[in-house]
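The values are calculated or read from the model by the stated rules, or taken from the named source; none is laboratory data. Remember, predicted model here, so these are calculated numbers, not experimental data. Glycine gets a Cβ as well: all are built from the backbone with ideal geometry, and neighbour counts include every protein chain shown. For the accessible areas, the whole protein counts, side chains as well, though only heavy atoms, and no ligand, DNA or RNA atoms are used. Shrake-Rupley method; radii C 1.70, N 1.55, O 1.52, S 1.80 Å.
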Amino acid sequence: MRGIGAFGVLAAALVALSTGAASAHPHVFVDAKMEIIGDGHGRLAEIRNIWSMDELFSASVIPDFDADGNGRLDKPELEAVGKQVESSIAEWSYYTFVSRGAEDIAMQPPSTFDVTYDAKKGKLLFVFTMKPKSEVDLTKEAITFSVYDKTYFVAFNFPDESHFIEKNLPVLCKKAFVVPSPDEAATRWMNSIARFNSDQTVPMPEDGVDFSKVLATRLELDCR
């Protein structure tokens, strides 16, 4: 997936991931949460992603990873899913972006990638933590947190600001939950790529704007 091969019907997703092919519209839908965790001294310690995968994607994983054929994913099989997903999304920055202004802050790869399965909801849950590669002083500059797929194959949904959870941050932090409204130009561009077939790559907009970033839901945190 460019998700598990790229998050989609698993077989197609694995092909999409291995080839790096982009899709014109989402094939996998994720209800996302992000925990933003400080170190108690005004610095960013880590962020934790919590992704609840849609039922179709979750169901598609079972036959491909159910090694013993018992119709469910046991712990070793869930661990295999985690390893595949983690390696697959690494080249896409784990769909996780922390930035100061126009500069992306480098993050370390996850130390662990936990996968569980909620049989009642029929959904896989991915949980992983990332730490910044260098010190991020939250008291000196505003920081933006977002999760998105540059190719629109995977759609991440943050329904409201409660899905960004702050822990152990400076008391003076102010936050803004931003859900961008696409302007007319962005809407036209999105409509145009929606007509493409799944085996076509998404063209970059002529003006160079990264609409996947512009349109992503984000949390802007200012602790100065």
May I ask you to derive the FRET efficiency for A67 and S181 from their Cβ-Cβ distance with R0 = 35 Å, giving the value to the nearest 0.05? 0.15
In nm, what is the difference between 0.36 nm times the number of residues separating R224 and S93 and their Cα-Cα distance? 44.4 nm
Which three semi-axes in whole Å describe the equivalent ellipsoid of the stretch 103-173, each the square root of 5 times a Cα gyration tensor eigenvalue, listed largest first? 26, 16, 15
Using only the Cα atoms of the stretch 135-176, what are the Rg and Dmax in Å? 13.2, 37
Charge context of D68, other residues only, Cβ under 11 angstrom, K/R +1, D/E -1: -2
Heavy-atom accessible area per residue, the stretch 33-144, 1.4 Å probe: how many Å²? 49
Whenever you get a sec, compute what percent of the accessible area on the stretch 18-177 sits on carbon and sulfur atoms (1.4 Å probe). 51
With Cβ to Cβ distances under 15 Å as the rule, what net charge do the other residues near E79 carry (K, R +1; D, E -1)? -4
